[in-house]
Every structure is written in structure tokens, then in C-alpha cells.
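J.: Can you keep this structure in mind? I'll have questions shortly.
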Amino acid sequence: MAESSGDVTKLLAQMQAGRKDALAQLLPLVYNELRRLAARYMQQERGGHTLQPTALVHEAYLKLTHQDRANWHNRAQFMGVAGQLMRRILVDHARKRCAAKRSGELVTLCESAARQLADVSRPEEILAVHLTLERLERLDPQQGKLVELRYFAGLSAEETAEAMGLPLRTVEREWAAAKAWLRAQLAEGES
Amino acid sequence: MTPERWRRVKEIFRQAVECRADTREVFLADSTADDPEVRCEVEKMLRHADGTGLLDRPAWEGLAERELEPGTRLGPYEIASKLGSGGMGSVYKAIDTRLGRTVAIKMLNREFTHRLRLEGRAISALNHPHVCALYDIGDREGYLVMEYIEGESLASRLTRGPLPIEAVLRHGAEIADALAAAHRQGIVHRDLKPANIMITGAGAKVLDFGVAQIAHEAEPAGGEVVGTAAYMSPSQLNGNPADSRSDIFALGLVLYEMATGRRHSWESHYERAGAPAGFARLLDRCLRPDAVQRFQSMDGVRCALEALHAESSGASRRRWRAAVGVGLLAVAAAAAGTAVLMSNIVPSKRPRAQTAAIVESTPASPEPQRPPAEPSSSPRPPASSRPAMVRPVSFAPPAVSTWASYPGLKRDPSLSPDGARMAFSWNHPGLGGYAIYVQPVNASAAPAMLTEGRAEDWGAAWSPDGRRIAFQRRTGQTGIYYVEASGGAPDLVAPIARPGRETLPQVSWSHDGKWIATPDRGPSGGTQIYLFGVDSGEKRRLTWNTTGTDHAPAFSPDGRLLAYADCVEGVHACDLMVVALERDFTPKRERRITQQGVYIRGIAWLPDGRGLVYSAGRTIGADTSLWRVSVNPPGDPQRIDLAGSRARHPTVSQTGGLLAYTRLDGWALMLVRNFR
């Protein structure tokens, strides 16, 4: 299994060249690094000093590739991979939180007046978005990817455009439609 | 849904979003005529296309922070806004919806929630005007509910330079007084610094007993040093347990910074023109590196500061007389070294008589010549500074109960200033009229009848000394009367015109007991507020409403303000007014407190003299609720939900946290405990 930063750079280049197995090798590397960073992030519960999710991905990228100056093309691809992984990390985290809730530990936090505490209601929201997004992905994989990057990886519209190689206008339009559809599904259910 | 159909939905959605609202309908009808399912889907999306909400924040946001949005409910508290965040958590401004009171909620970050009870216990042991009060603890969710303090932190104030020396001494004495009270309870603050001190209209307030700890308890596990390094004493920095003398050291640093606007360093030399010579000596005695050579008790520091203050500012001496009185007593309790210092600067002026009460609560006076030094790392504050003035604050939430529901109508409850007794009007079914009664609040004694019960005696009001009850007699010889609370025949203070049916009978005593305020009909037709001299019978007009009614007068606890309801067209459409009074009770200026034009049925001051509780309904005949409004600083009225929608005639005790009112259902008297 590839471990070094050189491997990550090489794998990214291979991925770019169209080698499918490069992605399979890249995923666990990035995943481990992201999960480590994410765990640290979750523990850093200090108001005002919160790491931005994008910073997290950037940090993972720099760490894994040892590049001081980001190679923009590789970086965009890395973002694409990272979005997928961040989603997995977040969904796992949310499942754990809600499982803890079901087992009683967090009942009061999840269900009582404190329900609106941001860090408690978020897991439920994350799970709901994840499941609904799976349906959107079946209809439109590209749009699904876009939501993944915007929502799960926290990329801006510009960064998403860059990572997906799409015009900014398209990203904005697709995002608006996806957001309206997801909200409608989550609020009103399937028609 | 198929991918093809979804593409179509997206395209129609995109165009519909760009349509003007009035043409959208037509566009949708045209473009989806063949496929109602597509139309339905697009319409659903359009309903969710605008506004904010789900998916606006990336999934990561808020996972690590404990952020509360405005409007969030935490039990009875509703978050209004975020005030700031610190090392241990964030502080929010919130409303206690039960009492309509503005509070501060400190949400502790998860790793600090174990401190919750510690901090809670520390503050709850302190009931002091210069300590931020704790009202409640949210155990499970990890928050503290505290007094909302309007003001500026000393740290922020110091960015604009040093304070005038008068303010340094005055606030210094207040801070020392607060810490001395803490030390008496065996609590050391351990993190005193300008950021933990608020400067308010009512003086300094010490916050954040967050790292405070009961002095005789074990240090935190792992020997971790808690506090802010810049304000730690040398011995604290070396990892020795903090004791009361660490706070004395920190106070010295704070005083230095207040006076100079600069951080103290060991190279610092204190010189400031205008500061009394004793101040430099005082700083020196706070800042000795060796704890043994410092002041040995915070009472000693406070005493010295108060004396310097009295010495340096003749103008404000009067205000400080009482405080200096307390300080003088502390001289005896202070360490000998302090006593020597004090003997040079204690003013010769004798304090007023109020010392007697303090003496009672102070244990037998210790030897004035105690050995100068305490052992250098005593875990407890010096024994002489620990009198037993323990008055723990209850965490119990406010609770309402029916206090009196005897047959017949009860009205106009009035809590004695100490909250021990209640006076009220009751038309006992056997009597045919309303008499004034008095009854202990807590004991189950029967109400004692003070007047005959054939007239209509309404509007009972306690004198500030708790000895007399004034009231309005509205039949027969109409007028203002008072009766001794222990019984006896009523005395007529002054006759008044027969009041209009809707004019409230509310009367109020001035703080010195010399005047009674009540509405009376003026020569021009309207009803105004008048003052009647209790002994002289002298009548003075205070307000000037010529066509409507001014009623429900209420003197503030310090007698400097008088609140009343100013109504147009009889008693409809009223607003709260507050008139500032000169020392001789002539009106100075007036301020409108509300802009509601409502039907007001009673006004009472909060014990701190900075806000009012009043009963108001939208119109005459509509339900009346209790509201609370801040006068200083001005604020918006907040409904006291707890009291329901049929509440009138509020009265608040000066101590003891009681609110009573009349509930219109059955005209019962209701009592709210833990009202703060």
C-alpha cells in the first residue's frame, strides 16, 4: 500500500491519466488522514477558533503531498476525492451520534428543548441529506457530486467549479436546483 | 422520476426562477401542459427556492462549536443574542420567559462542563451586590444562568486609558468588598483580572468565578495551575495553592492597571499625580512577592481603599458613609500591620448608626493585636475574616402558587420590604366592606384585620421601615390613612376627593417614610399624583395631567425616582413614566418608559431600583398580564409568562425574591417565589 507523499502525487497523476485503480489506492490514504484531522477538529470545541472544513481538506492535501505550493490541477482532483471521503466521515460520525441518542445517552440533548443546539441537530440533518442525496445521485451523478463538494466538503462555488471543471454559472444553477429539490424532499417528502 | 424527466424539471425550474412572479404561473402552465407530474415537482421546488435554511451551512459547521441561534429555547430561556466567547464557552443574552427577565447564559464547552457545579457552587454561596449573581444551572445541557450585566468590562475600559483616581478607589473598594465576601465563604477567585470585572452604572461587578474554588478543597487533579498567568502571584506561578492572598496580589495588579492604564511589571514604579500618598503604599502592600508581607485579608484592603476614597473625595463622601462604617469595623478584624496603616488614614468622621446590624452578624471581635503574619501557605483565609454570613442563593426555579383564596375578593397585595408579611384588602363575606389585613407570608397564621371592614379600604402599602401600612379609604371620609402593622386605630394623613372607579388606589411611601404618593383629582379636572406629608399633611402636586388620569405611583427603593401610569381619556391608553426627584422631592425631569398606550393595573419597582414590574392589558376589558421593563438602562417590556393573563396589582419584596399579585379568577392572591 502506498504510504509516502510521493505516492499520493503519483496516484493523483495516474488518476488524471484515467487509471481507475489509482483512485482505489488513493482513497484509504486520504481517508485516514482526513479522519485523523477530523477527530482533532471535533475535539477542538473552542468557540471562535474553529477550523473551516475546507482548511481541513487543504491541510490533508498539503500533508499528503508535501507540496508547499499547491499544484492546482492535482489539488482540484484531490478535492473531488476528499469530498467523497468527508461525506463518509461525517455520515459515520452522525450515525454514531444518533446511535448514542437511541441508546439513551443523548436523549435529552437530541429530543428535549436543547434540540436546537447546533452540534446535536446537525447529525440528524446530515443523515437526512445523505440519504436524500443518494436518490438525487441516481438521477444525476454530476449534480450529486456537486452537492457533495458544496455541502460535505464545504467548498465554495468557485472551488467546486474548479474541482469539477465546470463554469461557475453552471455550478450556481445546479446548486440552486439541487438545494430546492433536497429541501422540498426533506420538508414535504417524496411526491 | 427518470433522469430524463429530472433534466426537464431542472430546466423548467431554472426558467421559472428567472420569471417574474406574475408571469410564472402562465409560464408553468404552458411549459408543463403535457406533464402534470413535472409541474407538481417544479412547484414543490419553487416553494423551497428562496430563503435560508437547510444546506446553507456546510455539514461541518456547528459540529464542533456549541453555537446557539437567536430564538433557541433552553428550558424557559430564549436566546436573544451572543454576547461573546471566552476560553470556557460562549455567553448569550437571553430572556427568562417565566419572569420576563433578561439573563446571561454561559454555555460551557464540553470539556469544561465538569466545572459547572464547581462554579455554580462558588457563586451560589455569594449573594453580593458586586458579584454577578447566579440564577440557575442547566445541569444536563451544561449552562449557567446569570445576572445580565449591562456595562463595560474593565479590560475594555482600560483601552481608553487610566481611570480617574476617585473611580479607582471606589471600584477598587467594591471589588475588594466582593472578594472579601467570597473569602469569608472560603472561596478564592483565583482569576481576577480586568476582563472579569464589569463597570456598570451600579458600580463594579466581579464575574467568572469559573476557576474559583472552595479554598479548603483539593486542587484540581494533576496539579494543573489554573488562572491567567499575567495576574498570578509569584507563589501561584510556582504552583503553590492559591489562597486569599493570591487574590489580594491580583487585586493589586488590577488597581495598578486602573490607575496607570498600564500592566504592572516588577520594574514598575507607581507615581501618579493626584493619587493620595496612601495609595502607593496600599499597592505596595498588595504586591509584595512574599505572601506573608502582603495584606493578610481582603477586608483590610477594602477598608484601606474605602478610607482613601473618603479622604480623597469629599464630594462623594456622603454616599460612602455607610460603606466606610462597615470598613471601620473591619479594622479590628484586619491583621495588625493593616491596622497600623489604617490608623493613619481612617477619617475622623463617625459613621451612621447602621453599624449595629453589621455587628450582630460579625462574630465576637478578635484581638486587635493579632500576630502580623499568617503561616505562609494557609489553605484557609485568616480565621478572623470568616464571620458566618452564609446566605446561600437558591437555585430553585421561580414557582407560582396561590397564596390566599379565602371566600370573598382579595386585592392589592403588598409585601413588606423584608418579604416576611403581606398586607392586602379583603371583603370578608360577613362584613360588607373591604378591610386591610396583614398576614405572615410563610406561616399559616390567620390574617389579622387592621381596619373595620365597613368602608372600602384599598391600596395597602408598607412603610419602608415595615411598621406602618398606608391605604386609601374610598368611602365615607375618603382619604389617605395609615395604620400600625401591629394594630390600632387608623390615622388620616389627608383627605382626597372621591376617586374615579377606574383610578387605581395604589399609594407609595418615600424611602424616608415622610411622604405618601397617591393620585387625587386636581382643580383642572384630570387626576394627578400628589405627595402628602405623613406628619405635616402638606400636599404637593407632582404631575400635571389635565384631562386624563395619572395613577399607580411607586417610589423607587432609594426614593430618587417615582414611576406612575400616565393615561389619556380616563384610564385608557396609559404608559409608564418615571419622574426623577430632587432630594426635597421636587420633580426634576420626566422620562417615558413605555410607548404602548395600554390599560395599566399596578406598578412596582424591582429591588435594584433599575426596573419595574407592571400589569397591563391591551384595552380595558382585555386580559392583563404582568410585564417587566428595565428603566436604567432603558429596555423593552418583557411579559412575565409565569403570572398568566389575568394578573394585576404586582408587589415585589425588597429582599427574599418574592413577587405577589392579584389573579382575577376569584380575585385570589398569588405568590411567586425565587423571583429575581
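The values are calculated or read from the model by the stated rules, or taken from the named source; none is laboratory data. These numbers were taken from a predicted model, which means no experiment stands behind them. Quick reminder, even Gly has a Cβ in these numbers, built from the backbone with ideal geometry, and neighbours come from all protein chains shown. These accessible areas exclude ligands, DNA and RNA; they are computed on the full protein's heavy atoms, side chains included. Shrake-Rupley method; radii C 1.70, N 1.55, O 1.52, S 1.80 Å.
J.: So A:Glu174 ticks every box in (1) touching an Asp or Glu at 6+ places or on another chain (Cβ under 9 Å); (2) surrounded by fewer than 21 Cβ atoms within 10 Å (Cβ to Cβ); (3) charged (D, E, K, R) but one. Which box is left unticked?
T.: (2)
J.: Moving on. Filter the range A:148-183 for residues that are at the interface with chain B (Cβ under 8 Å from one of its Cβ atoms), aliphatic (A, V, I, L, M) and within 17 Å of B:Arg7 (Cα to Cα) and give the result.
T.: A:Ala176, A:Ala177, A:Ala180, A:Leu182
J.: Quick one: is A:Val147 open to solvent by less than 10 Å² (accessible area, probe 1.4 Å), over 17 Å from A:Val91 (Cβ atoms), out of contact with any His (no Cβ under 7 Å at 6 or more places or on another chain) and at pLDDT 85 or above?
T.: No.
J.: Here's something else I'd like to know. Taking B:Trp403 and the conditions (1) touching a Gly at 6+ places or on another chain (Cβ under 8 Å); (2) touching a residue at least 40 places away in the same chain (Cβ under 8 Å); (3) open to solvent by 10 Å² or more (accessible area, probe 1.4 Å), which numbered condition does it fall short on, given that it satisfies the others?
T.: (1)
J.: It is to be established whether one or more residues within the range B:25-40 are touching a Phe, Trp or Tyr at 6+ places or on another chain (Cβ under 7 Å), surrounded by 15 or more Cβ atoms within 10 Å (Cβ to Cβ) and more than 8 Å from every other protein chain (Cβ to nearest Cβ).
T.: no
J.: Count, please, the residues in the range A:126-144 that happen to be within 10 Å of chain B (Cβ to nearest Cβ) and open to solvent by 60 Å² or more (accessible area, probe 1.4 Å).
T.: Final tally of qualifying residues: 3.
J.: Hey, can you tell me all the residues within the range B:10-22 that are more than 8 Å from chain A (Cβ to nearest Cβ) and of a type outside the set (D, E, K, R)?
T.: B:Ile12, B:Gln15, B:Ala16, B:Cys19, B:Ala21
J.: Taking the conditions exactly as written (under 18 Å from B:Leu671 (Cα atoms) and either surrounded by 21 or more Cβ atoms within 10 Å (Cβ to Cβ) or at pLDDT 95 or above (or both)), does B:Ala423 satisfy them or not?
T.: For B:Ala423, the condition - under 18 Å from B:Leu671 (Cα atoms) and either surrounded by 21 or more Cβ atoms within 10 Å (Cβ to Cβ) or at pLDDT 95 or above (or both) - is met.
J.: Shifting gears a bit: Would you tally the residues in the range B:543-566 being over 28 Å from the mean Cα position of the chain (by Cα) and surrounded by 17 or more Cβ atoms within 10 Å (Cβ to Cβ)?
T.: The number of residues fulfilling the criteria is 4.
J.: When you scan the range A:137-179, how many residues do you find that are aliphatic (A, V, I, L, M) and touching a Leu at 6+ places or on another chain (Cβ under 7 Å)?
T.: So the answer is 9.
J.: With closer than 16 Å to A:Ala177 by Cα, part of a helix (DSSP H, G or I) and under 57 Å from the mean Cα position of the chain (by Cα) as the only criterion, which of B:Arg14, B:Arg24 stands out?
T.: The match here is B:Arg14.
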